[in-house]
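Some notes on the structure that comes next.
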Amino acid sequence: MASLGTIRSNRLRGCPLLSDKELLRKGRGSFDYRVDNSVGLAVIKWADTKCVTLASSYISHSPVFEVSPFSKERKKKVNVQCPQIVKQYNIHMGGVDLSDMLVSLYKTPFKSKRWYLAMFSQMIAIAVNSAWLLYRRDLASQGKKYNKLKDFRINIAKSLIQSRNVHRKRTSAAANLLPQNKIKVPVAPRPTEDVRFDIVGHFAVFTEKGRCRLCTNGQTTILCQKCNLRLCIVSGANQRNCFTSYHSK
Ligand SMILES: [Zn+2]
Ligand SMILES: [Zn+2]
């Protein structure tokens with residue numbers, strides 16, 4: 001796994017780097033590093049106004065850039081050497097803070113004596129948030145509207161609940177026809193977009209005659225088992241297939 005972060009000097013397990021004092025004496029921008037290619041790890045200590053130690057599994061000091069931060073002592077911009085690892089760290093370091101912030105927004109109430117379950121819950125939360133960030137980026141880049149994180153999470157929950165229903169129905173298809181025939185709710189809840197277009201388990205079954213959900217003027221006895229709504233299929237002169245149309249983008 002590619003990783004990069006700061007490391008405390010007492011966690012270096014004796015990795016021989018120059019001391020903070022020695023490095024600061026050499027001047028701002030100087031650095032010392034050790035690379036272990038057998039385990040794929042680079043450790044770099046870099047002197048800014050203070051010393052900072054970074055470790056990475058995919059990046060080292062090279063190439064070295066030149067940055068020009070403002071020097072308080074000299075009251076002007078100075079040129080300072082900046083190893084690649086420091087540059088990358090500055091680009092990405094906001095990521096962890098952002099991730100923590102998003103997780104805390106809608107934290108799943110989850111307490112357990114088994115400590116590792118909290119890690120599991122955290123990983124799911126991070127995966128969901130990352131998915132939302134990608135989804136938002138894609139839609140925003142096309143100038144489209146996107147769901148808020150809260151609605152995005154609700155949609156995932158609804159999709160997962162509905163996908164489990166399909167498994168149950170498959171095991172005893174005949175028994176499930178009975179309760180479905182009893183459904184006389186005038187407006188059935190619509191499936192989420194994820195479920196509607198997932199092309200999984202949308203079986204046509206017969207039900208009581210009723211209005212087609214898509215064209216709304218046709219009467220039909222065909223029901224999508226998963227979406228739980230009527231969709232007509234009509235042959236002849238005015239032929240149409242609302243069942244297929246409804247499930248395709
Ligand atoms: Zn129709
Ligand atoms: Zn369906």
I'd like the residue in segment 1-47 that is open to solvent by 70 Å² or more (accessible area, probe 1.4 Å) and among the β-branched types (Val, Ile, Thr) and, out of all such residues, is nearest to VAL78 (Cα to Cα). THR6
Just to be sure, is SER9 touching a Ser or Thr at 6+ places or on another chain (Cβ under 8 Å) and at pLDDT below 85? yes
If we only count strands (runs of 3 or more DSSP E) wholly inside segment 1-71, which ones have 3 or more residues that are in contact with a strand residue (DSSP E or B) (Cβ under 6 Å, 6 or more places away or on another chain)? 31-36, 41-47, 51-56, 64-67
Output for segment 65-99, where each listed residue is open to solvent by 100 Å² or more (accessible area, probe 1.4 Å) and among the basic types (Lys, Arg): LYS72, ARG74, LYS75, LYS76, LYS77
Of all residues in segment 197-249 being basic (Lys, Arg) and surrounded by 16 or more Cβ atoms within 10 Å (Cβ to Cβ), the one that is farthest from ligand 2 (Cβ to nearest atom): ARG240
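The values are calculated or read from the model by the stated rules, or taken from the named source; none is laboratory data. What you see is a predicted model; the values in this text were computed from it and never measured. Positions of Cβ are backbone-derived with ideal geometry, glycine not excepted, and every protein chain shown enters the neighbour counts. When the accessible area is computed, the model is the full protein with side chains, heavy atoms only, and any ligands, DNA or RNA have been set aside. Shrake-Rupley method; radii C 1.70, N 1.55, O 1.52, S 1.80 Å.
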